[in-house]
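Structure first, then comments.
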Amino acid sequence: MNRRRFLASTGLAGASLVAGCGSFQSQSTRSPPLVENRPDATYRPTHVEGMGMAGMAQAGDYMVGLGYSFPHRFWTVTGTDTERVDIRDTDSIHLMATVWDPETEMVLPISAGVAITIEQDGETVDEKSPWPMISQSMGFHYGDNYELDGDGLYTVRVRVNAVSDRRLGAFAGRFGDAAETSVEFDFAQSALDELSYEEFSETQGERGAVDLMEMSMRPVSQTPVADELPGTLLGTKKGSDGVYAATWLSEADFLADGESYLAVSVRTPYNRVPLPMMSLDGTVETGGETVFDDALGAALHPDLGYHYGAVVETSESDPSVGVDVVAPSQTSRHEGYETAFLATPSFSF
């Protein structure tokens, strides 16, 4: 199977290391020293922080929820390398945007991302495009540290860019346009200081994960349970700590006669958080003949969730499938995920 040059084709490599960075001067006292000898896998972080809700609003086809917490460190990813982004003296909050479909409440990873501008009294206070991120407590979201000008009322303007990935089933024809919305955020340092904060002195560094945070105002970003995926489950495999569930659909409303669909759902262990923005190649053999050898494109489907898939020109129901990871998920990572999901394993189903 030919492995493809993912970073060159997506343009993520050049863009990833400039947005949201600056001269990092100090580390917050709320961020304890990192665990020594961290495993190359998901591990329990040093601590977990609570989150406050800044507000939510609809933007076109999308619902947007904004949460905030203490500024904190995180890691960006370029190819298979990570780079830590430390806390700056000027950082006020860590702002997190979650985008979902209001009809199905499915959280939508959008490759083109979102842009956030924070204004006060008509003046721009801070603006940047937050990173696509995964967090053990927050799941998939867009986040970055932002600077505010003290207590007061702020207008947070959010632009959600159009979805370029394939949309299937009830998602066909939706999310094809960018949309904008705004939220009024009344910030108080005292409210930030009252958010929960818990350290894990006994279990930090152990294999495992903290639970996803459930809030009534926003859905949780999880992939479907493997056994509940549509079609015939070909199996689940684990590589570089990620879990890969492959399913084969011989019938679906988006398939023509003589077509089938291969879907590979990639998720974290423990919490089933989707791992978007990967590059996968796939092969399909039926009856000893190769009927597919190409990239598996990112796609959205209400029942399959975010996955990587391809339409295959065959009506056979018992395929032999190979999957190669060309590039791991290019999402940024909160602590506990920064050492996992960075290799490029191969699988057969």
Residues of the stretch 101-134 that turn out to be part of a strand (DSSP E or B) and open to solvent by less than 10 Å² (accessible area, probe 1.4 Å), as a count: 5
Can you confirm whether the stretch 327-342 contains a residue that is without any contact (Cβ under 8 Å) to a residue 40 or more places away in the chain, among the aliphatic types (A, V, I, L, M) and part of a strand (DSSP E or B)? no
Answer residue from the stretch 297-319, given it is β-branched (Val, Ile, Thr) and open to solvent by 10 Å² or more (accessible area, probe 1.4 Å) and is farthest from residue 254 (Cα to Cα) among those: 314
Just give me the residues in the stretch 43-79 being within 16 Å of the chain's Cα centre (by Cα), open to solvent by 10 Å² or more (accessible area, probe 1.4 Å) and hydroxyl-bearing (Ser, Thr, Tyr), in sequence order. 78
Of all residues in the stretch 227-251, which are under 16 Å from residue 306 (Cα atoms), open to solvent by less than 20 Å² (accessible area, probe 1.4 Å) and not polar (S, T, N, Q)? 229, 242, 244, 245, 246, 248, 249
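Here are 179, 172, 188: which of them is touching a residue at least 24 places away in the same chain (Cβ under 8 Å), open to solvent by less than 20 Å² (accessible area, probe 1.4 Å) and among the hydrophobic types (A, V, I, L, M, F, W, C)? I'd like the intermediate steps shown before the answer.
Details: 172 fails: open to solvent by less than 20 Å² (accessible area, probe 1.4 Å); 188 fails: open to solvent by less than 20 Å² (accessible area, probe 1.4 Å).
So the residue among 179, 172, 188 that is touching a residue at least 24 places away in the same chain (Cβ under 8 Å), open to solvent by less than 20 Å² (accessible area, probe 1.4 Å) and among the hydrophobic types (A, V, I, L, M, F, W, C) is 179.
If a residue has to be part of a loop (DSSP other than H, G, I, E, B) and either without any contact (Cβ under 8 Å) to a residue 40 or more places away in the chain or not hydroxyl-bearing (Ser, Thr, Tyr) (or both) to count, how many in the stretch 240-289 make the cut? Before you say what the answer is, go through the steps one by one.
Narrowing the stretch 240-289 to residues part of a loop (DSSP other than H, G, I, E, B): 240-241, 250-259, 268-273, 275-278, 287-288.
Now narrow it down to the ones that are either without any contact (Cβ under 8 Å) to a residue 40 or more places away in the chain or not hydroxyl-bearing (Ser, Thr, Tyr) (or both): 241, 251-259, 269, 271-273, 275-278, 287-288.
Selection size over the stretch 240-289: 20.
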Where a residue in the stretch 89-101 is more than 15 Å from residue 155 (Cα to Cα) and its partner, wherever it lies, is basic (Lys, Arg) and surrounded by fewer than 24 Cβ atoms within 10 Å (Cβ to Cβ), with Cβ under 8 Å and at least six apart: 101/174
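Within the stretch 156-179, is there a residue that is within 30 Å of residue 88 (Cβ to Cβ) and hydroxyl-bearing (Ser, Thr, Tyr)? Break it down stepwise before answering.
So in the stretch 156-179, the residues within 30 Å of residue 88 (Cβ to Cβ) come out as 156-161, 178.
Right, trim to hydroxyl-bearing (Ser, Thr, Tyr) and you get none.
No, every residue in the stretch 156-179 fails to be within 30 Å of residue 88 (Cβ to Cβ) and hydroxyl-bearing (Ser, Thr, Tyr).
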Has the stretch 69-83 got any residue that is assigned to a loop (DSSP other than H, G, I, E, B), touching a helix residue (DSSP H, G or I) at 6+ places or on another chain (Cβ under 9 Å), modelled with pLDDT of 95 or more and within 30 Å of residue 166 (Cα to Cα)? yes
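Out of 279, 216, which single residue is open to solvent by less than 40 Å² (accessible area, probe 1.4 Å), more than 21 Å from residue 172 (Cα to Cα) and under 22 Å from the mean Cα position of the chain (by Cα)? Can you show your working first?
Numbers: 216 fails: open to solvent by less than 40 Å² (accessible area, probe 1.4 Å).
It is 279.
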Quick check, is residue 290 open to solvent by less than 10 Å² (accessible area, probe 1.4 Å) and either over 28 Å from residue 102 (Cβ atoms) or β-branched (Val, Ile, Thr) (or both)? no
Could you list, in sequence order, all residues of the stretch 153-164 that are of a type outside the set (A, V, I, L, M) and open to solvent by less than 20 Å² (accessible area, probe 1.4 Å)? 154
Can you name every residue in the stretch 137-178 that is in contact with a Lys or Arg (Cβ under 7 Å, 6 or more places away or on another chain) and either over 22 Å from residue 333 (Cβ atoms) or among the aromatic types (Phe, Trp, Tyr) (or both)? 167, 174, 175, 178
Select from the stretch 191-213 the residues that are open to solvent by less than 50 Å² (accessible area, probe 1.4 Å) and not in a loop (DSSP other than H, G, I, E, B) and list them in ascending order. 191, 192
Within the stretch 135-150, restricting attention to residues that are within 26 Å of residue 213 (Cα to Cα) and outside any strand (DSSP E or B), which residue is most open to solvent (accessible area, probe 1.4 Å)? 147
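The values are calculated or read from the model by the stated rules, or taken from the named source; none is laboratory data. None of the values given here were measured: they were computed from a predicted structure. Don't worry about glycine lacking a Cβ; one is built from the backbone with ideal geometry, like all the others, and counts go over all protein chains shown. Keep in mind that these areas ignore ligands, DNA and RNA; they rest on the heavy atoms of the full protein, side chains included. Shrake-Rupley method; radii C 1.70, N 1.55, O 1.52, S 1.80 Å.
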